[in-house]
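The next block holds one structure in the form of structure tokens; read it before the comments.
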Amino acid sequence: MREVDLDVFASALAEGAVAIDVREPEEYAAGHVPGVRPAPLSELGDHLASLPVDRPVYVICASGNRSAWAAEHLEAAGVPAVSVAGGTSGWARGGRPVVRGSDAQAA
């Protein structure tokens, strides 16, 4: 399982990377990275078919623990997953934009 820092993740997002947030819906709605789709850890298996297998899928959570676990499981299922160290908490602490609400399309 690969892991990247927030700067690498920001660059990947700017280039159109696929990214999912594995936090639960209420956490996602409280604040998420723009452009990142919800795919709660409790429903991760339900989202497998919608994830690409030909390019990296960036996985983020609050701090990096759940995303690391999810990335390992996605890798085992054939999805090239990358965990984002620092998570949404680090993203927000760094002054980057956060979207509130749950208006994004699920993965």
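The values are calculated or read from the model by the stated rules, or taken from the named source; none is laboratory data. Treat the numbers as computed from the prediction; the structure is a model and nothing was measured. Here Cβ is always computed from backbone atoms with ideal geometry, including for glycine, and neighbour counts include all displayed protein chains. Accessible surface areas use protein heavy atoms only, side chains included; no ligands, DNA or RNA. Shrake-Rupley method; radii C 1.70, N 1.55, O 1.52, S 1.80 Å.
What the table shows:
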read-out	value
Gained length - Ser50 relative to Glu3, 0.36 nm times residue gap less alpha-carbon distance	14.8 nm
Karplus-derived 3J(HN,Hα), 6.51/-1.76/1.60, for each residue of segment 23-35, Hz, glycine and proline x	6, 6, x, 5, 5, 4, 5, 5, x, 9, 6, x, x
Positive-pole candidate from Leu6, Asn65, Pro80, dipole of the chain, charges at beta carbon	Leu6
Surface share of carbon and sulfur [accessible, 1.4 angstrom probe, percent] for the chain	51
Solution diffusion estimate, µm²/s, Stokes-Einstein, the chain, Kirkwood Rh from C-alpha pairs, 20 °C, viscosity 1.002 mPa s	162
Rounded accessible area per residue of the chain, 1.4 Å, Å²	49
P(r) histogram, all alpha-carbon pairs of segment 35-86 included - 10 Å bins from 0, percent	28, 63, 9
